[in-house]
1. Do you know which of the residues in segment 1-10 that are touching a residue at least 60 places away in the same chain (Cβ under 8 Å) and outside any loop (DSSP other than H, G, I, E, B) is farthest from the chain's Cα centre (by Cα)?
2. Do the conditions hold for residue 147, that is, is it touching a strand residue (DSSP E or B) at 6+ places or on another chain (Cβ under 8 Å), outside any loop (DSSP other than H, G, I, E, B), open to solvent by 40 Å² or more (accessible area, probe 1.4 Å) and closer than 20 Å to residue 10 by Cα?
3. May I ask you to list the residues in segment 214-231 that are touching a residue at least 24 places away in the same chain (Cβ under 8 Å) and crowded, with 17+ Cβ neighbours inside 10 Å?
4. Give the residue, chosen from 151, 222, 155, that is farther than 23 Å from residue 100 by Cβ and β-branched (Val, Ile, Thr).
5. I'd like the full set of residues that are at positive phi and out of contact with any helix residue (DSSP H, G or I) (no Cβ under 8 Å at 6 or more places or on another chain), limited to segment 119-170.
6. Here is a list of conditions, (1) part of a helix (DSSP H, G or I); (2) at pLDDT below 85; (3) open to solvent by 70 Å² or more (accessible area, probe 1.4 Å), and residue 94 meets all of them except one; can you say which number that is?
7. Which of the residues that make up segment 11-56 are closer than 14 Å to residue 106 by Cβ and either over 20 Å from the mean Cα position of the chain (by Cα) or open to solvent by less than 20 Å² (accessible area, probe 1.4 Å) (or both)?
8. Exactly one of (1) modelled with pLDDT under 55; (2) out of contact with any Leu (no Cβ under 9 Å at 6 or more places or on another chain) is unmet by residue 49. Its number?
Amino acid sequence: MARIRVLVVDDHRIFAESLAAALAAEPDVDVAAAGSGPAALRALERAAAEARPYDVILVDAELGGPAPGGAAAVGGSPAVGGLPALPVPRPEEPGAVDGISLVAQVRAARPGVRSVVLAEKDDPRCAARALQAGASGWVAKDCSLQRLLTVIRGVLRDETHLPPALLTGVLRELTTARKHRTESERLVESLTPREREVLRCMVAGLGRKAVAERLFLSPHTVRTHMQNVLGKLGVHSTLAAVALARRAGVGPAEPVTVRLAGDVVERGSQLA
């Protein structure tokens, strides 16, 4: 019997342990749990290194939000149902991410792993974001175990699972997002090649001085280009320009590598 390896990612300890224990009772499911995004990424990396990759991750839509009672959970918890103790998030843990961001990171780093988002409530906008990030399913936390197992097995067949009540709203959100992307792409296409270079530098978070050094221009010329970019994109701030550029699929400028006396120095990767 082919076994399905599942990773539960939820910072609500009792829910995560209960779900993991229920899944572990299935004859064809191996399950583990992580209490935060960084812990999940470490678990995925470790499993891949051991040639025992996970097949599916179940991710809390509100991962990284306040723990029950308003305080972040700290420490570990005893094993449940034969499972190892669940590591729970600590307030000081670096690199904390929300559930949708974790889905996107997993999609980029481990494209063979299917992601299913577990949600307290149906939210078409959040569900659409999850699908855009690479999720294969959206399931209510209070659904039956059999329903969840159906979704897990379905996404492994490359199916996409959404509650019927969400379908219309999600399609509307995806259509709207595509419309905004198309409009953003059209605006970016109106820029000159040099202005697009400047925009990519803005997306990378470079200040005017750093852009000038990178493109071998004077700060005054860069200021003019930036003003032209804002005007053509119809926005009034660098932040808005960057948001529009990302919707259009514009990535950041690559860092410049400079060799000095045998050493490699990266430039253009920080604010100036």
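The values are calculated or read from the model by the stated rules, or taken from the named source; none is laboratory data. Predicted, not measured: the structure shown is a model, and the values here were computed from it. Neighbour counts are summed over all protein chains in view; Cβ atoms, including those assigned to glycine, are modelled from backbone coordinates with ideal geometry. Calculation scope for accessible area: heavy atoms of the full protein, side chains included, ligands and nucleic acids excluded. Shrake-Rupley method; radii C 1.70, N 1.55, O 1.52, S 1.80 Å.
1. Pass one, segment 1-10, residues touching a residue at least 60 places away in the same chain (Cβ under 8 Å): 4, 6, 9-10.
If we keep only those that are outside any loop (DSSP other than H, G, I, E, B) as well, we get 4, 6, 9.
Values: 4: 23, 6: 19, 9: 14 Å.
So, considering only residues that are touching a residue at least 60 places away in the same chain (Cβ under 8 Å) and outside any loop (DSSP other than H, G, I, E, B), the one farthest from the chain's Cα centre (by Cα) is 4.
2. Details: touching a strand residue (DSSP E or B) at 6+ places or on another chain (Cβ under 8 Å): yes; outside any loop (DSSP other than H, G, I, E, B): yes; open to solvent by 40 Å² or more (accessible area, probe 1.4 Å): yes; closer than 20 Å to residue 10 by Cα: yes.
Answer is yes for this residue.
3. Initial filter on segment 214-231 (touching a residue at least 24 places away in the same chain (Cβ under 8 Å)): 214, 222, 225-226, 228-229.
Scanning segment 214-231 gives 214, 222, 225, 226, 229.
4. From the options 151, 222, 155, the qualifying one is 222.
5. Here is the first cut: in segment 119-170, the residues at positive phi are 134, 158.
Answer for segment 119-170, where residues must be at positive phi and out of contact with any helix residue (DSSP H, G or I) (no Cβ under 8 Å at 6 or more places or on another chain): just 158.
6. Checking residue 94 against (1) part of a helix (DSSP H, G or I); (2) at pLDDT below 85; (3) open to solvent by 70 Å² or more (accessible area, probe 1.4 Å), the one that fails is (1).
7. Once the filter is applied, which keeps residues that are closer than 14 Å to residue 106 by Cβ and either over 20 Å from the mean Cα position of the chain (by Cα) or open to solvent by less than 20 Å² (accessible area, probe 1.4 Å) (or both), segment 11-56 yields 34, 36, 37, 38, 39, 40, 43, 44, 47, 56.
8. Exception for residue 49: condition (1).
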